[in-house]
Amino acid sequence: MTTTLITNIGSLVTNDPTLGEGPLGLVKDAALVLDGETIAWAGPAVQAPAADQAVDADGRAVIPGFVDSHSHLVFAGDRTAEFNARMSGQPYKAGGIRTTVAATRAATDAELSANVARYMWEALRQGTTTFETKSGYGLTVEDEARALRIAAEHTDEVTYLGAHIVSPDYADDPAGYVKLVTGEMLDACAPYARWVDVFCEKGAFDGDQARAILKAGMAKGLQARVHANQLSYGPGVQLAVELDAASADHCTHLTSADIDALAQGNTVATLLPGAEFSTRAEWPDARRLLDVGVTVALSTDCNPGSSFTSSMPFCIALAVRDMLMTPDEAIWSATAGGAAALRRTDVGRLGVGARADLVVLDAPSHVHLAYRPGVPLVAEVWRKGARTV
């Protein structure tokens with residue numbers, strides 16, 4: 001293995017409080033040593049050990065690679081018309097997913113795989129080094145299984161979302177569709193997935209249906225996560241905590257009881273500001289969650305209907321401006337928070353033993369991600385110890 005010293009780092013976010021200042025473990029005038037795919041050392045540059053080769057960061061900031069714990073990348077088609085209508089005053093509804101279902105079913109495996117690769121590369125160029133992605137645009141046994149098989153070719157973080165909406169084929173028999181999702185479809189999909197998810201929402205699946213779907217997936221060895229409380233108040237967040245789901249995603253409409261449940265449980269609240277931006281919806285109350293100690297993650301929710309962005313820096317800027325997060329909270333949530341939402345300890349931080357996933361910013365501080373919104377500040381991306389961008 002070749003060791004690499006990255007030195008002359010102006011500001012290093014480690015997310016390890018034992019290494020530096022505050023929750024970010026911030027180290028000024030810092031250095032990192034990479035040993036193959038992992039971090040071997042992190043700290044002040046003046047204390048850095050020797051390495052086989054050296055890279056000068058030229059005073060720039062270095063942060064952990066972003067962990068995008070919620071995306072929907074296995075799809076085909078385009079929903080520009082829907083977005084245009086929404087921006088012209090029509091409300092967002094869960095049923096728009098059916099448009100993408102038709103296009104995805106009609107696409108070839110090669111077309112779907114190329115789309116996943118395209119959007120993951122797009123995200124990687126913007127600093128995302130760990131990706132989760134879901135099925136949910138096939139809604140037949142064959143189409144859901146192939147979506148997960150294709151996703152698994154690109155990432156280890158694969159989520160079975162046969163319960164995105166009730167399939168149009170079962171419009172008059174939602175109970176029959178739940179039976180399919182928890183039976184034959186689950187059997188075909190579980191070998192490709194790590195997670196099971198459900199859209200617990202009016203127009204999708206109610207609390208009892210969602211519980212049955214999640215429990216069936218868990219019985220097959222999948223871990224739970226939940227699309228919860230996006231469009232309205234509902235049982236999704238409480239269900240996620242009840243089942244010890246890794247993450248309740250969206251969390252836009254929360255009662256005091258929902259927030260108390262999150263604060264007392266292990267479930268991460270994953271906030272998706274791109275969805276609120278793209279649907280002109282109410283912003284999640286990140287401040288209220290953070291102030292009572294809820295673990296918060298930020299993610300893109302990259303999908304063709306309600307949040308067609310792959311940019312974690314954009315989501316950080318939205319979170320700071322419109323969800324009242326501090327820049328420090330937003331960067332933590334986009335890295336360590338995303339790792340927590342995937343129950344990972346090897347990513348989202350830059351301490352010893354972590355995977356060597358890091359982003360060099362063309363800026364002296366991580367604060368510039370919110371301070372200079374829309375500016376392409378990602379200068380380099382290192383993934384598993386190799387510079388990929």
Inset, instruction - Take ASP291, project a point 7 Å from its Cα along the Cβ direction, then tell me which residues of the stretch 240-257 have their backbone nitrogen under 18 Å from it. - result: 252-257
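Starting from the stretch 311-389, pick out the trypsin sites (Lys or Arg not before Pro) whose DSSP state is loop and whose Cβ has at most 16 other Cβ atoms within 10 Å. Walk me through the numbers before you get to the answer.
Working: sites: ARG321, ARG343, ARG344, ARG349, ARG355, ARG383, LYS384, ARG387; in loops: ARG343, ARG344, ARG349, LYS384.
Qualifying residues, ordered by number: ARG343, LYS384.
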Inset, instruction - Find which of THR100, PRO364, ALA85 sits farthest along the positive direction of the dipole of the chain, computed with +1 on the beta-carbon of Lys and Arg, -1 on that of Asp and Glu, about the Cα centre. - result: ALA85
Legend entry - Prolate/oblate/rounded label for the stretch 68-201 (Cα gyration tensor, a/c 1.5): oblate
Legend entry - Extension gain from ALA114 to VAL352, taking 0.36 nm per residue of separation minus the Cα-Cα distance: 82.2 nm
Legend entry - Helix 141-152 vs. the chain, principal-axis angle (Cα, 0 to 90°, nearest 10): 0
Legend entry - Per residue, in Å², the accessible surface of the chain once ligands and nucleic acids are set aside, probe 1.4 Å: 38
Inset, instruction - Using all C-alpha to C-alpha distances in the stretch 322-389, build P(r) with 10 Å bins and read off the rounded percent in each one. - result: 19, 46, 32, 2
Legend entry - Cα shape, the stretch 224-346, gyration tensor, a/c 1.5 rule: rounded
Inset, instruction - Run through all the Cα pairs of the stretch 1-131 and give the fraction in each 10 Å bin from 0, expressed as whole percent. - result: 11, 27, 24, 14, 20, 5, 0
Legend entry - Euclidean distance between Cα centres, the stretch 129-184 to the stretch 314-383, Å: 30
Legend entry - Segment ALA257-GLU37, length gained on full extension (0.36 nm per residue, minus Cα span): 74.9 nm
Legend entry - Distance between modelled label sites at ASP58 and VAL389, nm, 7 Å Cα→Cβ extension: 1.7
Legend entry - Whichever aspartates and glutamates have a C-alpha closer than 16 Å to that of LYS215, once near sequence neighbours (fewer than 8 apart) are set aside: GLU184, ASP187, ASP197, ASP206, GLU242, ASP244
Legend entry - Residue of PRO364, PRO168, PRO91 that the Gaussian network model of the chain assigns the largest fluctuation, springs spanning Cα pairs under 10 Å: PRO91
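Tell me, what % of the accessible area of the chain is carbon and sulfur with a 1.4 angstrom probe?
Values: 7430 of 14680 Å².
Carbon-and-sulfur percentage of accessible area, whole number: 51.
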Legend entry - Karplus-derived HN-Hα couplings along the stretch 324-329 (A = 6.51, B = -1.76, C = 1.60, θ = phi - 60°), whole Hz, x at Gly and Pro: 6, 7, 7, x, 5, 5
Legend entry - Relative contact order computed over the chain (Cα-Cα under 8 Å; 6+ residues apart), in percent: 20
Legend entry - Chain lengthening between ASP187 and ALA171 when straightened (0.36 nm per residue, less Cα-Cα): 3.5 nm
Inset, instruction - Could you let me know the centre-to-centre spacing of the stretch 264-286 and the stretch 194-212, using Cα atoms, in angstrom? - result: 18
Legend entry - Dipole moment magnitude, nearest 20 debye, the stretch 57-104 about Cα centre, only Lys, Arg, Asp, Glu C-beta charged: 220
Inset, instruction - Please list the radius of gyration and Dmax for the chain, considering alpha-carbon atoms only, with Å as the unit. - result: 20.5, 69
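The values are calculated or read from the model by the stated rules, or taken from the named source; none is laboratory data. Everything numeric in this text was worked out from a predicted model, so none of it was measured. All Cβ positions, even for glycine, are placed from backbone atoms using ideal geometry, and neighbour counts span all protein chains on display. Just so you know, the surface numbers come from the protein's heavy atoms only, side chains and all, with ligands and any DNA or RNA stripped out. Shrake-Rupley method; radii C 1.70, N 1.55, O 1.52, S 1.80 Å.
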